[in-house]
Amino acid sequence: MAEVTLALALGLLFALGTFLVLRRDVVRVVWGVAIISQAANLYLVTMGFGLTGAPGTDVPFLTGGTEAPYADPLVQALVLTAIVIGFGTTAFALVLTYRVYEENGTIDLSDLASNPFEGPEAAAAEVRAGDTDGTESTVPPTSDETGGEQ
Amino acid sequence: MQPDAGVLVAALALPFVAALLVPALFRVLGQKVAFFAALVAAGSFGLLATQYGAQGAVQLPWVPSLGVTLTLYVDGLALLIGFLASGVGVLVFTYSYGYMAHEHGHVKYYATLLAFMGSMLGVAFAADLLALFVFWELTSVTSFLLIGHHQREAASQYAARKSMLITVAGGLFMLAGFLVLAFAAGDTAAGRTFVLVGTGESLIANGDAVREALRASGLFVPALALVAAGAVTKSAQAPFHVWLPNAMEAPTPVSAFLHSATMVKAGVYLVGRFRPLFVPDLPAVPEWTFLLATVGLVSMTITAILAVGATDIKELLAYSTASHLGLIIAGYGLAGAEALELGAETGAFHILNHAVFKATLFLVAGIVAHEAHTRKLSELGGLRRDLPVVAGITAIAALGMAGVPPFNGFWSKELLFETTYVVAKANGGLFWLYPAVAVFGSVFTFLYSVRFLMLFFGDRPAALGDTDIHRPPLSMLAPPALLAGIAIVTSLVPQVAIDIIVQSATEASLPVGLEPHALKLSIPKLFSFTPYLGMSLLTVALGAVTYPFYDQLHAGVRRAREVPVTSPNWYYDTLTAGANPVSRRLAIAVHGGAFRTYAAPFLLGTSVLALAGYAATDAVPVDGIGAVPSAPLVFVLGVAVVGALAVARAPSHIAGVLMLSILGFMVAIVYILANAPDLALTQLLIETLVLVLFLLVLDKLPAYYGEIRTRSRAVADAALASLVGFTVFTTVLVATSASPDDPIYEFLLARAGVPAEHGPFFADHGGGSNVVNVILVDFRAFDTLGEITVVAMAALAVLTLVGMRARTEAGANEAAERAPAPDGGRPDAVVEAADASGASDAGADHDATDAEGGDAR
C-alpha cells in the first residue's frame, strides 16, 4: 500500500538535503549528506512492512514462534550496518573539512574550486608539455624523415 | 584432424604469461631477455606446428548468457598468420638483442612486443567476432606503445597518437559491422550468433541465409562497408595510409614485425576471412569487388608512387608495405565466377611472400641505419663493399618486391595480373582498368625496389664520407639471412610454399561448398607465354626504361604531395587541431572543479532518468492513499522535517548542528515506532557521537558562509532540490505499494531461532531470539566484517589527517611533501603549502589562520 505520509516526509528530507549539498559552505555540504543518508535509512526500514502496512507487527524477537507478524529483520540488519558506516563517512568528511581549512584557510567551496585547465598548475603542465602541443596542430618536426605528409 | 583446445590455448596464452614475467626476468638476464622472448615465440610456433593440418573449431564458454563463447578456429589461413606472427617473432626478438643493445626501456619493449604477439595470434585464431575484436584492439594498443617507444620525443608521440586514432576508429566501425552481422543472423533459422566460422550455426556456415537476411533489411552494403573500414584502416589503405609512414618512429625491429609482417596483415586477414561470407555465388561482379578490389588497386598505386617520393629508407618501406597490402586486398577483392579462386590464391600467396621479403628488407634497413647512422636515401650508396652479405640478402628480397621473375614476389603478383585479366576479359568495358592500374602501380613498385637495392651499389656519396661501417653482429644478420633463404626456396620452387601452407590458406577464403583446384606453379611455366606473363614483363621493361628518370620522378612526387587539399595528412592535422580546443572547452565545462558542478548534473540526471522510467512504465500507483499512520508517527516525522528545515536555514554552524541532532533523534524515535529497537539504540549512540564530533571540529572552523550570493542560484538550487524531492516522493510511493511474494526474511525468520530439538532453553535463557542480531553475526557476518573494516579505515584516515596537522604545525617542508595522498589529492593545496613553508615560516602561517578561525567564530 502506498505510503503517502512517509513519501512526503522523505521527499522533503531529500529536497532539503539536496539544497544543502549545493551550498558553498563545506560544513553545510556535510550536513546535506548526513540528512540524505538519514532519510535513505528511514526509507529502507519502511520498505519491509511500511510504517502502517501490517497492523500488529512486532519487533523481530522470536518470542511467539516463527509465524507471528514480525517486522522485517533483514532491512533492519541492513540499516544497522548503514548507520554505522554513515557515522564513519561523516567523521571522515568532518576531519577532511578541517584539513581543507588548515591547508587553504577557507571552507568556501567557490573559493576552493580550481579548474584543472586554468591556474598555476595547468600553466606549469603546459610548459612541460610545450613541445607536444606544437605537434598537435602541425606536422611533426621530423616529417621530412618519416614521410609525415603526402 | 580436429584441433586440440589445450594446445591452442597454451599457444595463445604463452606470450601473455611471458610478458608478465619479463620485468622479473630482466633483473636476472639483463638484455638476454631477448632470447627468452625468442624462445617463447619459438614455443608458440612449436605448439601451433603440432596443429598443422588441423581444421575445425574449439569452443570455450565465455559469457554464456549472451551467447558469447571463446571460439577458436584453425585452418590454413589462421595457421599462416599464426606462423608468421610467431616465426617472424623468433627472428625479430633475436635481432632485437643486437639492435636494442644501446637503447632504453627494454622491459617495456619486450613485454609489449610479447603481448602484441599474443594478440596477433588471438586475431588469427579467434572465430568469435567479439573475441576477434578484443584481440584486434589489443594489437592497436600494443602497437601504440611500441610506436611511442621513444615516449619523450614529439615525433613519436605524434606517430603513436595518429596510428591509435586511425586504427581504433576503424576498429569501432568494424565492431558496428559485427553487431549488424550478429543481429542479421538473428533473423535466420540458425539464430543470433557471434561465431564467424567453424560451427554449424556460424555466420559463414549459414552464409546464404545471412546474406538473404542482410539484403532483406538493406544492410548488406553497410555491413560490408563497416567491416571493410576496419580492414582498410588497419592495413593502411588509402586514404588511411598516412599513419604507417609515421609509425616508422618505432624501433626498426618493431617496424619489421608489426608494420610489415604481422599487425598490418590483420586487415588483409580480415578481408580473407570474411570473403566467403560476403562473396555470393552469383556470376556478376559483386559489391565486394567494387569496393575492395578498387580500394586495393588504387591504394597499391598511390602508395607505390609515394614510395618513390620517399627520402628515408624506412619511409620508402612503409609506403611500399601499404602498396603491397593493397595488392593483397585487391587479390581478395577480385571475385565473381572466374576470379573466385584466383583472387584467394593471390591474397594468400602474397601474404606469405610479402611478409618474407618485407621483414627481410626492414631488418636490412635496421642494419644500414645502425651501422651507417643515417636513413637518408641520398646519403647512402655503395654499401656492398662494407656489407657484402647484407647486399646479397637485399638483392634477393628487393627483386622479389619488384616482382622480377622468378623471385618470390613475382609469383603472387603474376597471380594478381592473371586475376585482373580474367575479370576484365569476362566483364569487359571499364573493367580493363583493373589490369591497367595493376601494371601502372607495379611499375612504381619496380622503381622503388631498385632504388632500395641501389643503396648497396654505385658510389659511396660524399655525405657518407669515410664513416667506418662495421659488419652487423650475428644476431642481427642471421634473421634476415634465414628469411632470404626462405625467399629463395619460394622463388625457385614455389610449389613447396603452396603445398605447405598457401593452398590450405586459399581454401579458407573460398565460399562454402566450392571444390578447390590445386594451384600449380613452377619455373617451366615461365616458358609458355601468357597475357599475364606479358604484363609482368611489360612492368619490368617500363620500370627499367623509367629508372634513369628516378630523380625527376622523386622530385615531382615530393612537389605533388605538398598540395594540402589532396593530402590526407592535411585533413588529419586540421581535424585534430580543430578538435583540441573543443575538447579543452568541454573538459573545462565538465571538470569545473567546483563541487556543485559535479553534484548538480548528477542529481538532475538521476532524477530525470528515474522519473522518465516511472512515466514510461506507468509504475506510479494511483489507487488510493494508504492508511493514515498513527498520530505519534506523523508528529515525529513532522518534527524531523522541521528539524531539517531548521538545519537548512541555520544562522550559524552551532545552530545547524543542534538542529541536525534533533533530526537524528527524531529518526531514532521513528525506528522505535517501526519496531526496530536495535536501530533506535544504534542511532541514538551514533547521533550523540556525531554531535560531539561536530562540536569538536566546528571549534576549529571559521564561522559562516551561509549567505547565498545570487537570487538566481537560490532559485535554481531550490528547483533542483524540489525535483529530487519529488523523485524520492514518487519512488517511495512506487516502492511501498508493492511487496515481494516470497520475501527473504521468511527464510531468515524460520532459521534464525534455536532449533526445536534444543527446546526452549536457549531462546528463553541465552538469547538468540533477536533475528536482527543473528543476521548480523551469522547469516551476513561478512557484511558486518566489511562494516567494521570501513569504520577502521575511516578511523585510520582520521588519525592520518590529524597526524598531518601536527606535522604541518611543526612547519617543516617534509609535511608538505608527505601530504598529498591521504587528503583526497588536492595537489594545489600541497603546492601552496610547500610555497608557503618555503617562502616564509609555515608554522607561523598556520597559527595565524587558526587564530583567525577562532576569532571569526
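Being among the β-branched types (Val, Ile, Thr) and over 30 Å from B:Phe35 (Cα atoms) is true for just one of B:Thr490, B:Thr394, B:Thr419. Which residue is that? Quick ask: steps written out before the conclusion?
Values: B:Thr490 fails: over 30 Å from B:Phe35 (Cα atoms); B:Thr394 fails: over 30 Å from B:Phe35 (Cα atoms).
Residue meeting the stated conditions: B:Thr419.
Out of curiosity, is B:Leu361 surrounded by fewer than 24 Cβ atoms within 10 Å (Cβ to Cβ), touching a Leu at 6+ places or on another chain (Cβ under 7 Å) and in a helix (DSSP H, G or I)?
Numbers: surrounded by fewer than 24 Cβ atoms within 10 Å (Cβ to Cβ): no; touching a Leu at 6+ places or on another chain (Cβ under 7 Å): yes; in a helix (DSSP H, G or I): yes.
For B:Leu361, the condition - surrounded by fewer than 24 Cβ atoms within 10 Å (Cβ to Cβ), touching a Leu at 6+ places or on another chain (Cβ under 7 Å) and in a helix (DSSP H, G or I) - is not met.
Being at the interface with chain B (Cβ under 7 Å from one of its Cβ atoms), modelled with pLDDT of 90 or more and either closer than 30 Å to A:Leu112 by Cβ or not in a loop (DSSP other than H, G, I, E, B) (or both) is true for just one of A:Val30, A:Val79. Which residue is that?
Numbers: A:Val30 fails: at the interface with chain B (Cβ under 7 Å from one of its Cβ atoms).
Result of the check over A:Val30, A:Val79: A:Val79.
Residues that are out of contact with any helix residue (DSSP H, G or I) (no Cβ under 6 Å at 6 or more places or on another chain), surrounded by 21 or more Cβ atoms within 10 Å (Cβ to Cβ) and assigned to a helix (DSSP H, G or I): does the range B:58-66 have at least one? So that I can check it myself, show each step before the final result.
Step one: filter the range B:58-66 for residues out of contact with any helix residue (DSSP H, G or I) (no Cβ under 6 Å at 6 or more places or on another chain), giving B:59-66.
Those left that are additionally surrounded by 21 or more Cβ atoms within 10 Å (Cβ to Cβ): none.
No; the residues of the range B:58-66 include none that is out of contact with any helix residue (DSSP H, G or I) (no Cβ under 6 Å at 6 or more places or on another chain), surrounded by 21 or more Cβ atoms within 10 Å (Cβ to Cβ) and assigned to a helix (DSSP H, G or I).
Suppose we filter the range B:545-560 for residues that are more than 40 Å from the chain's Cα centre (by Cα) and surrounded by 14 or more Cβ atoms within 10 Å (Cβ to Cβ); how many remain? Working first, answer last.
Applying the first criterion (more than 40 Å from the chain's Cα centre (by Cα)) to the range B:545-560 yields B:545-552.
So of that shortlist, the ones also surrounded by 14 or more Cβ atoms within 10 Å (Cβ to Cβ) come out as B:546-547, B:550.
The number of residues fulfilling the criteria is 3.
Do the conditions hold for B:Leu29, that is, is it without any contact (Cβ under 8 Å) to a residue 40 or more places away in the chain, under 27 Å from B:Asn353 (Cα atoms) and assigned to a helix (DSSP H, G or I)? First the steps, then the outcome.
On the way: without any contact (Cβ under 8 Å) to a residue 40 or more places away in the chain: yes; under 27 Å from B:Asn353 (Cα atoms): no; assigned to a helix (DSSP H, G or I): yes.
So B:Leu29 fails the test.
Taking the criterion of being surrounded by fewer than 20 Cβ atoms within 10 Å (Cβ to Cβ), under 21 Å from B:Phe362 (Cα atoms) and either modelled with pLDDT under 95 or of a type in the set (S, T, N, Q) (or both), would at least one residue in the range B:110-118 satisfy it? Step through it out loud before you land on a result.
Initial filter on the range B:110-118 (surrounded by fewer than 20 Cβ atoms within 10 Å (Cβ to Cβ)): none.
For the range B:110-118, residues surrounded by fewer than 20 Cβ atoms within 10 Å (Cβ to Cβ), under 21 Å from B:Phe362 (Cα atoms) and either modelled with pLDDT under 95 or of a type in the set (S, T, N, Q) (or both): absent.
What pairs come up if the first residue lies in the range B:631-648 and is at the interface with chain A (Cβ under 7 Å from one of its Cβ atoms), the second is surrounded by 19 or more Cβ atoms within 10 Å (Cβ to Cβ) and basic (Lys, Arg), and their beta carbons are under 9 Å apart, counting only those six or more places apart or on different chains?
Going by the 9 Å Cβ cut-off, the qualifying pairs are B:Val647/A:Arg28; B:Ala648/A:Arg23; B:Ala648/A:Arg28.
Checking the structure you have, find out if any residue of the range B:125-137 is crowded, with 22+ Cβ neighbours inside 10 Å and of a type in the set (Val, Ile, Thr).
There is no residue in the range B:125-137 that is crowded, with 22+ Cβ neighbours inside 10 Å and of a type in the set (Val, Ile, Thr).
Would you pick out the residues in the range B:131-156 that are in a helix (DSSP H, G or I) and within 14 Å of chain A (Cβ to nearest Cβ)? Show your work before the answer.
Residues of the range B:131-156 that are in a helix (DSSP H, G or I), as a first pass: B:131-147, B:154-156.
Of everything in the range B:131-156, those that are in a helix (DSSP H, G or I) and within 14 Å of chain A (Cβ to nearest Cβ) turn out to be B:Ile147, B:Ala154, B:Ala155, B:Ser156.
Any chance the range B:459-468 includes a residue that's outside any loop (DSSP other than H, G, I, E, B) and within 21 Å of B:Gly403 (Cα to Cα)?
Step one: filter the range B:459-468 for residues outside any loop (DSSP other than H, G, I, E, B), giving B:462-464.
From what is left, the residues that are within 21 Å of B:Gly403 (Cα to Cα) are none.
Checked against the condition, which is being outside any loop (DSSP other than H, G, I, E, B) and within 21 Å of B:Gly403 (Cα to Cα), the range B:459-468 yields no hits at all.
Could you tell me whether B:Pro280 is within 28 Å of B:Ala131 (Cα to Cα) and not in a helix (DSSP H, G or I)? Spell out how you get there, then give the answer.
Working: within 28 Å of B:Ala131 (Cα to Cα): yes; not in a helix (DSSP H, G or I): yes.
When the stated conditions are applied, B:Pro280 passes them.
Table: residues versus (1) surrounded by 24 or more Cβ atoms within 10 Å (Cβ to Cβ); (2) within 14 Å of chain A (Cβ to nearest Cβ); (3) touching a Lys or Arg at 6+ places or on another chain (Cβ under 6 Å).
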site	(1), (2), (3)
B:Ala225	no, no, no
B:Ser235	yes, no, no
B:Pro239	no, yes, no
B:Pro245	yes, yes, no
B:Ala250	yes, yes, no
B:Ser260	yes, no, yes
B:Leu297	yes, no, no
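For B:Glu507, only one of the following conditions fails: (1) touching a residue at least 60 places away in the same chain (Cβ under 8 Å); (2) of a type in the set (D, E, K, R); (3) over 28 Å from B:Phe452 (Cα atoms); (4) surrounded by fewer than 17 Cβ atoms within 10 Å (Cβ to Cβ). What is its number?
Here B:Glu507 clears every test but (4).
Any chance the range B:19-38 includes a residue that's surrounded by 14 or more Cβ atoms within 10 Å (Cβ to Cβ), farther than 21 Å from B:Glu103 by Cβ and of a type in the set (Phe, Trp, Tyr)?
Taking every residue of the range B:19-38 in turn, none turns out to be surrounded by 14 or more Cβ atoms within 10 Å (Cβ to Cβ), farther than 21 Å from B:Glu103 by Cβ and of a type in the set (Phe, Trp, Tyr).
List, please: which pairs have Cβ atoms under 7 Å, are six or more places apart or on different chains, and start with a residue in the range B:419-433 that is part of a helix (DSSP H, G or I) and end with one that is aromatic (Phe, Trp, Tyr)?
B:Thr420/B:Tyr434; B:Tyr421/B:Tyr532; B:Val423/B:Phe431; B:Val423/B:Tyr434; B:Ala424/B:Phe431; B:Ala424/B:Trp432; B:Ala424/B:Tyr434
From A:Ala54, A:Ala71, which residue is modelled with pLDDT under 85 and touching a strand residue (DSSP E or B) at 6+ places or on another chain (Cβ under 9 Å)?
Numbers: A:Ala54 fails: touching a strand residue (DSSP E or B) at 6+ places or on another chain (Cβ under 9 Å).
So the residue among A:Ala54, A:Ala71 that is modelled with pLDDT under 85 and touching a strand residue (DSSP E or B) at 6+ places or on another chain (Cβ under 9 Å) is A:Ala71.
Here's the yes/no breakdown for (1) out of contact with any Gly (no Cβ under 9 Å at 6 or more places or on another chain); (2) outside any loop (DSSP other than H, G, I, E, B); (3) under 21 Å from B:Val92 (Cβ atoms):
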position: B:Tyr332; (1), (2), (3): no, yes, no
position: B:Ala335; (1), (2), (3): no, no, no
position: B:Thr346; (1), (2), (3): no, yes, no
position: B:Asn353; (1), (2), (3): no, yes, yes
position: B:Ala365; (1), (2), (3): yes, yes, yes
position: B:Ser378; (1), (2), (3): yes, yes, no
position: B:Ala398; (1), (2), (3): yes, yes, yes
position: B:Pro405; (1), (2), (3): yes, no, no
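Per-residue answers, yes or no, for (1) at the interface with another protein chain (Cβ under 8 Å from one of its Cβ atoms); (2) of a type in the set (Val, Ile, Thr); (3) closer than 24 Å to A:Thr18 by Cβ:
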{"position": "B:Ile662", "(1), (2), (3)": "no, yes, yes"}
{"position": "B:Phe726", "(1), (2), (3)": "yes, no, yes"}
{"position": "B:Phe729", "(1), (2), (3)": "yes, no, yes"}
{"position": "B:Val732", "(1), (2), (3)": "yes, yes, yes"}
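Just wondering, is there one or more residues in the range B:317-336 that are of a type in the set (A, V, I, L, M, F, W, C), more than 27 Å from B:Val254 (Cα to Cα), touching a residue at least 12 places away in the same chain (Cβ under 8 Å) and in the same structural domain as B:Thr420 (by TED's automatic domain parsing)?
First, the residues of the range B:317-336 that are of a type in the set (A, V, I, L, M, F, W, C): B:317-318, B:322, B:325, B:327-330, B:334-335.
Next, from what is left, pick out any that are more than 27 Å from B:Val254 (Cα to Cα): B:334-335.
With touching a residue at least 12 places away in the same chain (Cβ under 8 Å) added as a condition, the list becomes B:334-335.
If we keep only those that are in the same structural domain as B:Thr420 (by TED's automatic domain parsing) too, we end up with B:334-335.
Yes, the conditions are met somewhere in the range B:317-336.
If you take the residues in the range B:741-753 that are facing chain A (nearest Cβ under 8 Å) and either modelled with pLDDT under 65 or in a loop (DSSP other than H, G, I, E, B) (or both), which one is surrounded by the fewest Cβ atoms within 10 Å (Cβ to Cβ)?
In this case the residue turns out to be B:Pro743.
State all residues of the range B:433-468 that are modelled with pLDDT under 90 and either more than 21 Å from B:Glu371 (Cα to Cα) or surrounded by fewer than 17 Cβ atoms within 10 Å (Cβ to Cβ) (or both); if no residue qualifies, say none.
B:Phe457, B:Gly458, B:Asp459, B:Pro461, B:Ala462, B:Ala463, B:Gly465, B:Asp466, B:Thr467, B:Asp468
The values are calculated or read from the model by the stated rules, or taken from the named source; none is laboratory data. Just so we're clear, the structure is a prediction, and the values are computed from it rather than from any experiment. With ideal geometry, Cβ positions are generated from the backbone for all residues, glycine too; neighbour counts draw on all protein chains shown.
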